[in-house]
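Derivation of every value follows stated rules applied to the coordinates shown; laboratory data play no part. Remember, predicted model here, so these are calculated numbers, not experimental data. Every residue, glycine among them, receives a Cβ derived from its backbone with ideal geometry; neighbour counts consider all protein chains shown.
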Amino acid sequence: EGNPNAFSYMNEPGSTFKTVTVMVAIDDGLITPADSFHVGNGLYQYNGKWVRDHYWRQGRDRGYLTVKEGIEVSSNVVMSKIVLKAYGDDPAKFVKGIDRIGLRKKLTWDVPLNGIEGTSSIRFPDDKVNYWSKTTLPWMSFGYESKV
């Protein structure tokens with residue numbers, strides 16, 4: 001009766017999307033797991049907004065983290081810096097990479113969904129419906145501003 005919640009509600013994927021960011025950038029040949037990014041104390045300001053890692057209040061300087069370490073500690077700063085370095089001049093290339101791995105395809109299930117389509121809501125830079133801001137790309141990298 002009704003629609004199963006797991007299939008009928010889209011949510012921001014959060015940190016689970018970090019693996020998508022890394023997969024796309026590696027697949028495009030733009031990073032390697034050994035590349036490193038400065039994270040400092042876990043705070044990074046981009047376009048007037050703060051990207052924060054979960055440990056930022058501790059105030060300790062972590063210096064540089066590799067892409068591999070960024071995944072291990074779930075670093076928003078590393079993910080932001082990956083996409084800005086790799087796709088800052090061409091954010092559409094990042095979204096096309098997401099398309100390439102199938103996340104924007106219509107999903108089909110063997111479950112009756114009463115008209116609910118299994119599609120995601122991932123922005124595209126020239127989308128006329130969903131506004132693409134200057135912070136969309138880095139926020140997408142760690143699972144915000146998209147729904148799956």
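Give me, ordered by chain and number, the residues 5 or more places off TYR64 or on other chains with an amide H under 5 Å from its own placed amide H.
For TYR64, the qualifying residues are VAL39.
Could you give the length gained on full extension between ARG52 and LYS96, defined as 0.36 nm per residue of separation minus the Cα-Cα distance, in nm? List each step's numbers first, then the result.
On the way: separation 44, 0.36 × 44 = 15.84 nm, distance 2.64 nm.
Result: 13.2 nm gained on full extension.
To make sure I understand, if each residue's beta carbon is the centre and we count other beta carbons within 10 Å, what order do SER141, SER80, SER36 fall in, fewest to most?
In increasing order of surrounding Cβ atoms, one gets SER36, SER80, SER141.
If you plug each phi of the stretch 79-84 into the Karplus form 6.51 cos²θ - 1.76 cosθ + 1.60 with θ = phi - 60°, what whole-Hz ³J(HN,Hα) values come out, in order, with x for Gly and Pro?
With coefficients 6.51, -1.76 and 1.60, one gets 4, 4, 5, 4, 5, 5 Hz.
What does the charge count around HIS54 come to, taking other residues whose C-beta lies under 13 Å from its C-beta (Lys +1, Arg +1, Asp -1, Glu -1)?
The answer is +3.
Give, as a single signed number, the net charge of other residues whose beta carbon lies under 10 Å from the beta carbon of ILE82, with Lys and Arg counted +1 and Asp and Glu -1.
Summing Lys/Arg as +1 and Asp/Glu as -1 gives +2.
For ASP28 and THR66 in the same chain, what is the full-extension length gain: residue separation times 0.36 nm, less their Cα-Cα distance, in nm?
11.9 nm is the gain from fully extending ASP28 to THR66.
Collect residues whose amide H, placed 1.01 Å from N in the peptide plane, falls under 5 Å from the amide H of TYR46; neighbours closer than 5 in sequence don't count.
The list, which skips near neighbours in sequence, is VAL51.
Modelled label-to-label distance, HIS38 and TYR131, 7 Å Cα→beta-carbon offset: nm?
Modelled inter-label distance: 3.2 nm.
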